[in-house]
């Protein structure tokens, strides 16, 4: 039968409809695949990882990226230590290949804390804590009008970062770092004695608890949850046992301040950077003691009559894990995903920012460590999980490092995200069987 013009038109329309349907199906497939685990970079983003793991650079040049939070949609919120483009928070949207193709900044304040939970984004400056209502897609509804839930926290330009975490009962925990090295009469002056009782501990050197849904809370309306913590930047709530864990930055300059008691090597290794399990009323002993990970003892601080050997602090908690000194633990995350092998499940990842005060010894840190946990307790030795951030075989000055790990977050698929406040890079670490 000879084709007519009508048949030609009909065939063309049918073909167009089929192509349109196929395009729709492909779009649907792309949407589905957007949540699939992307391929790592060919060089694993420059990182050294255990076998089976890969990494990619999600975004670069973000700014001084402190703590981060990842939504159930896979978007990333980043808190900046310095404003970038006049903004202190950035929302990043990755494509299906894991690379960010869209970002938006808001908030005109700097800071460290960043957390997403139960329909809100929480963020801290160095004096206050805010929350932003999120829509169903976990995007901030009104970036210009956050609710101020905590105000008036001490900031004295030393250990000013206010790191935060939330429990499952409507509370937010805020670190208020001590504006001192060891509560001396003259801070960081050779031989200066310590003040006892230390007056700093009334408003700093500890953890405070506040409600997540009350506005303008202050020291007077919050709960002084724990004391004796010089400075905590990494903290997380362990939902397996409903308990707070924190990473303390140990005191500095044992040799500089007391050269007859400590040599350079001892000053580089001591005191330990400590992980503590915290409960209401915890006292971890700063500034009167420090933990010596070589002797496995709580040692009386030299400012208070110690000589590097005298023990003290019978009323202070022991750490659950002790690391070498001056690694600067800035991020803590308990892994609740299923992507990583069983060994890593329920364990703790720690982002070590890297030291500044181990000279003349080389600086150390600049890696992400892992501690296995079982039933809420450490169940094995800690190990370096991700290394190579500094880009150097030896770091003599922290300013030489290309990248310094700071914040940690878990993605909806179980990927581990790491922020870097030196080079402004966001990393994503994945496991493939």
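Summary table
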quantity: Options 191, 220; residue that is over 29 Å from residue 326 (Cβ atoms) and out of contact with any strand residue (DSSP E or B) (no Cβ under 8 Å at 6 or more places or on another chain); calculated: 220
quantity: Residue ranges of strands (runs of 3 or more DSSP E) in the stretch 28-142 with at least 1 members closer than 24 Å to residue 423 by Cα and free of Cβ contacts under 8 Å to residues at least 12 places away in the same chain; calculated: 100-106
quantity: Number of the condition not met by residue 356 [criteria: (1) more than 23 Å from residue 232 (Cα to Cα); (2) touching a strand residue (DSSP E or B) at 6+ places or on another chain (Cβ under 9 Å); (3) modelled with pLDDT under 95]; calculated: (1)
quantity: Strands (runs of 3 or more DSSP E) within the stretch 150-251 that include 1 or more residues surrounded by fewer than 24 Cβ atoms within 10 Å (Cβ to Cβ) and in contact with a helix residue (DSSP H, G or I) (Cβ under 6 Å, 6 or more places away or on another chain); calculated: 223-227
quantity: Looking only at the stretch 253-268, and only at residues there that are under 29 Å from the mean Cα position of the chain (by Cα) and surrounded by fewer than 19 Cβ atoms within 10 Å (Cβ to Cβ), the one that is farthest from residue 207 (Cα to Cα); calculated: 265
quantity: Candidates 366, 389 - the one that is under 16 Å from the mean Cα position of the chain (by Cα), crowded, with 17+ Cβ neighbours inside 10 Å and under 26 Å from residue 116 (Cβ atoms); calculated: 389
quantity: Condition check for residue 398: at pLDDT below 95 and in contact with a strand residue (DSSP E or B) (Cβ under 8 Å, 6 or more places away or on another chain); calculated: yes
quantity: Pair list, Cβ < 8 Å and 6+ apart or interchain, from the stretch 363-381 residues that are at negative phi to residues that are at pLDDT below 95 and part of a loop (DSSP other than H, G, I, E, B); calculated: 363/355; 363/356; 363/396; 363/397; 364/355; 364/358
quantity: Contacts under 7 angstrom Cβ, first residue in the stretch 216-235 being more than 25 Å from residue 250 (Cβ to Cβ), partner in a loop (DSSP other than H, G, I, E, B), 6 or more apart; calculated: 216/151; 218/151; 218/152; 219/152; 219/203
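The values are calculated or read from the model by the stated rules, or taken from the named source; none is laboratory data. Treat the numbers as computed from the prediction; the structure is a model and nothing was measured. Quick reminder, even Gly has a Cβ in these numbers, built from the backbone with ideal geometry, and neighbours come from all protein chains shown.
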